[in-house]
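What follows is a set of notes on a single structure, which appears directly below.
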Amino acid sequence: MKKWLYSVSLCIALFNSAGVQAASKIAIVNVAEIFQKLPAREVAAKKLEKEFAGRATELQRMEKDLHAKIENFQRDRSVMKESVRSQSEKDIEAQQQAFSTKAQKFEQDNRQRQAEERDKILKRIQEAVKTVAAQEGYDMVVDANTVAYSASGTDITAAVLKKVK
């Protein structure tokens, strides 16, 4: 008796959910396409380039100096005294470590700022998707890159792009 009751309950639940799904209005949006076409993306990229230009130039200078020291050391080490050679090796290792530390910090800061700017833009896109979906009466909006097949989904990418710009 319990199995029968459970089966009937399950069938009713599936039937009701199928009815709800049939009544849903679903749209598709290509977020990646919107992100690529957005002028704000280029503005953010230029802003970040300016923000990190000084540090990038300093790293390039440090790298150039380090390479010059290494070349000079390799060229002259056979004629150097042991104490001078040892001190030069220590100096080069210290400079390599300093360069490596600064380069890692630069990369970390750069990635963090890029993520912050990307998230700002994606938030604007998400708000535009919500607005367009509400205006056009959609119950659900799915990213086009996650859909394997869609027969009746309406693409609202152009409307969202217009709203974000």
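The values are calculated or read from the model by the stated rules, or taken from the named source; none is laboratory data. Note that this is a predicted model, so its numbers are computed, not measured. Using ideal geometry, Cβ is built from the backbone for each residue, glycine included, and neighbour counts are taken over all protein chains shown. Calculation scope for accessible area: heavy atoms of the full protein, side chains included, ligands and nucleic acids excluded. Shrake-Rupley method; radii C 1.70, N 1.55, O 1.52, S 1.80 Å.
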Inset, instruction - Give me the pairs, please: first residue somewhere in the range 74-93 and closer than 21 Å to Met62 by Cβ, second residue anywhere and of a type in the set (Phe, Trp, Tyr), beta-carbon distance under 7 Å, and either six or more positions apart or on two chains. - result: Ser88/Phe73; Ile92/Phe73
Inset, instruction - Report yes if Val129 is open to solvent by less than 100 Å² (accessible area, probe 1.4 Å) and closer than 30 Å to Tyr149 by Cα, otherwise no. - result: yes
Inset, instruction - For Gln74, indicate whether it is more than 30 Å from Asn145 (Cα to Cα) and in contact with a Leu (Cβ under 6 Å, 6 or more places away or on another chain). - result: no
Legend entry - helices (runs of 4 or more DSSP H) contained in the range 1-119 and holding at least 1 residues more than 30 Å from the chain's Cα centre (by Cα), surrounded by 10 or more Cβ atoms within 10 Å (Cβ to Cβ) and at pLDDT below 95: 2-23, 39-76
